[in-house]
Amino acid sequence: MSDAQADHRAFLNRYYGVSRFIYDATRRYYLLGRDVVLRDLAADAAWETLVEVGPGTGRNLVRLHRARPEARLGGLEASDAMLGHARAKCPWARILHGFAEDAPLTEVLGARPDRVLFSYCLSMVGDRAAAIANARRALSAHGEVVVIDFADFAGLPHRAARAFRTYLGTFHVAPLSAADLESAASVRRGPRGYYVCATFGPIS
Ligand SMILES: C[S@@+](CC[C@H](N)C(=O)[O-])C[C@H]1O[C@@H](n2cnc3c(N)ncnc32)[C@H](O)[C@@H]1O
């Protein structure tokens, strides 16, 4: 583990150590668009295995498990505090500790995943290009990386957008930029540029 990863892990453990208990109740108001992505994934019969990077409390995995009980689900989580929480909530999933940038995602389920999901995780990741490339390299032949996260807030009043960016920055969160999505196969922006959904195909 690099020094930067050790610092990031320590920050995440401090941040989520207490807040994980109120996380789902508070985040529902501003982690928008997640349920649309989960509905699309639930309706997509083309996958059998999915790994969520940064599953947090396990909220998304629970919804996917309810919709697709036959699917094999896994997770990769950098925060020990969230890892314990998600494992307790999702006993049917295999969730490992690791970092999006370099963890061997093929080891989570013992096979290349058909889908890798980043839900409001990439905006906390230090090296996003490495994280996206790491996920794309792990995919099965017809796999897809699915991303939902903060976008540029272009449709919000300028001051509100700036204040929200500053607020997010205090939690080490930085919205995605166009450069982060350069290699995406599809990009769909939410209302007022609040969030963006993107997909990426496999690379070797
Ligand atoms: C904002 S929370 C989102 C949780 C969940 N995906 C959701 O939609 O509710 C971001 C999660 O990503 C994890 N995370 C942050 N940086 C990470 C990294 N480099 N590698 C893996 N997980 C990371 C955090 O610990 C946290 O659980």
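In segment 118-131, which residue that is outside any loop (DSSP other than H, G, I, E, B) and near the ligand (Cβ under 8 Å from one of its atoms) is farthest from residue 62 (Cα to Cα)? Residue satisfying both the conditions and the ranking: 131. Checking the structure you have, find out if any residue of segment 107-126 is farther than 23 Å from residue 47 by Cβ, open to solvent by 30 Å² or more (accessible area, probe 1.4 Å) and without any contact (Cβ under 8 Å) to a residue 60 or more places away in the chain. No; the residues of segment 107-126 include none that is farther than 23 Å from residue 47 by Cβ, open to solvent by 30 Å² or more (accessible area, probe 1.4 Å) and without any contact (Cβ under 8 Å) to a residue 60 or more places away in the chain.
Checked against (1) free of Cβ contacts under 8 Å to residues at least 40 places away in the same chain; (2) under 18 Å from residue 29 (Cβ atoms), residue 134 meets all criteria but (2). A search for C-beta distances below 6 Å between a residue of segment 189-204 that is free of Cβ contacts under 8 Å to residues at least 60 places away in the same chain and any residue that is surrounded by 21 or more Cβ atoms within 10 Å (Cβ to Cβ) and not aliphatic (A, V, I, L, M), counting only pairs 6+ apart in sequence or on different chains, returns 199/144. Selection of segment 57-96 for residues being open to solvent by 10 Å² or more (accessible area, probe 1.4 Å) and touching a residue at least 60 places away in the same chain (Cβ under 8 Å) yields 78, 80, 81, 85. Contact map, segment 140-162: residues that are touching a residue at least 12 places away in the same chain (Cβ under 8 Å) paired with residues that are open to solvent by 40 Å² or more (accessible area, probe 1.4 Å), Cβ distance under 6 Å, separation 6+ or inter-chain. Pairs shown: 140/112; 143/202; 151/189; 155/192; 156/192. Within the set 31, 50, the sole residue that is within 8 Å of the ligand (Cβ to nearest atom) and either open to solvent by 60 Å² or more (accessible area, probe 1.4 Å) or in contact (Cβ under 8 Å) with a residue 40 or more places away in the chain (or both) turns out to be 31. Does at least one position in segment 98-115 carry a residue that is near the ligand (Cβ under 8 Å from one of its atoms) and at pLDDT below 95? Among the residues of segment 98-115, not one is near the ligand (Cβ under 8 Å from one of its atoms) and at pLDDT below 95, which makes the answer no.
The values are calculated or read from the model by the stated rules, or taken from the named source; none is laboratory data. The structure displayed is predicted, hence computed values, not measured ones. Note that each Cβ is placed from the backbone with ideal geometry, even for glycine, and that neighbours are counted across all protein chains shown. What goes into the accessible areas is simple: the full protein's heavy atoms, side chains included, and nothing from ligands, DNA or RNA. Shrake-Rupley method; radii C 1.70, N 1.55, O 1.52, S 1.80 Å.
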